[in-house]
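The values are calculated or read from the model by the stated rules, or taken from the named source; none is laboratory data. Note that the structure is predicted; figures quoted are calculated from it, not measured. Neighbour counts run over all protein chains shown; Cβ positions are idealised from the backbone, glycine included. Remember, those area values only see protein heavy atoms, side chains included, never the ligands or the DNA or RNA. Shrake-Rupley method; radii C 1.70, N 1.55, O 1.52, S 1.80 Å.
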Amino acid sequence: MSSSRFFTLKEARLSNNCPECYSNDGIELTFKQKFIENAFYKAITNEVVNEMHCMNCNTQIFPIQWTDDIERVVEYQKRALQPKPKSIKLKPLAWVIIIVDLLLLVGIVLFSTGVISF
Ligand SMILES: [Zn+2]
């Protein structure tokens, strides 16, 4: 049970013309960074995706529709972007399993070296 999700890193309002409705105040560019979360950990990956949406005509604008101007602005925004560093955070359940494993290991070592016996 692992799921990968995205969190919003940055939202920017662009003043470019929408390829659909030609409005110049509706385009919103969103950068999202991917993270993976399961029962044991939450990990931030360094994968960043972007989405473009026009608030005016409520359409998603795919890269294939981008004009040169839009592409330039996206490149600029990308360069200014500061993604969160890749990281992994263990959840309490993972710690419990690690500690139980360690205790078991210590028990086995102590038992096999004859320090403790039953
Ligand atoms: Zn539009």
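Only one of ILE27, ILE64 is within 16 Å of the ligand (Cβ to nearest atom) and either open to solvent by 90 Å² or more (accessible area, probe 1.4 Å) or among the hydroxyl-bearing types (Ser, Thr, Tyr) (or both); which?
ILE64
Would you confirm whether or not segment 75-85 contains a residue that is surrounded by 10 or more Cβ atoms within 10 Å (Cβ to Cβ) and over 30 Å from ILE27 (Cα atoms)?
There is no residue in segment 75-85 that is surrounded by 10 or more Cβ atoms within 10 Å (Cβ to Cβ) and over 30 Å from ILE27 (Cα atoms).
Just to be sure I understand the filter: pairs with C-beta atoms under 9 Å, separated by 6 or more residues or on different chains, first member in segment 61-77 and among the polar types (S, T, N, Q), second member open to solvent by 90 Å² or more (accessible area, probe 1.4 Å). Which pairs pass?
Between residues of segment 61-77 that are among the polar types (S, T, N, Q) and residues that are open to solvent by 90 Å² or more (accessible area, probe 1.4 Å), the close pairs are GLN65/GLU20.
Results for (1) loosely packed, with under 12 Cβ neighbours inside 10 Å; (2) under 30 Å from LYS32 (Cα atoms); (3) not hydrophobic (A, V, I, L, M, F, W, C), shown as yes or no for each residue.
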residue: PRO92; (1), (2), (3): yes, yes, yes
residue: TRP95; (1), (2), (3): yes, yes, no
residue: ASP101; (1), (2), (3): yes, no, yes
residue: SER112; (1), (2), (3): yes, no, yes
residue: VAL115; (1), (2), (3): yes, no, no
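Kindly provide the set of residues from segment 44-61 that are surrounded by fewer than 12 Cβ atoms within 10 Å (Cβ to Cβ), more than 16 Å from the ligand (Cβ to nearest atom) and over 15 Å from ALA12 (Cα atoms), ordered by number.
If the condition is that a residue be surrounded by fewer than 12 Cβ atoms within 10 Å (Cβ to Cβ), more than 16 Å from the ligand (Cβ to nearest atom) and over 15 Å from ALA12 (Cα atoms), then ASN46 is the only one that fits.
Condition first: within 14 Å of the ligand (Cβ to nearest atom), among the basic types (Lys, Arg), open to solvent by 40 Å² or more (accessible area, probe 1.4 Å) and more than 30 Å from LEU90 (Cβ to Cβ). Can you find one or more residues in segment 10-17 that meet it?
yes
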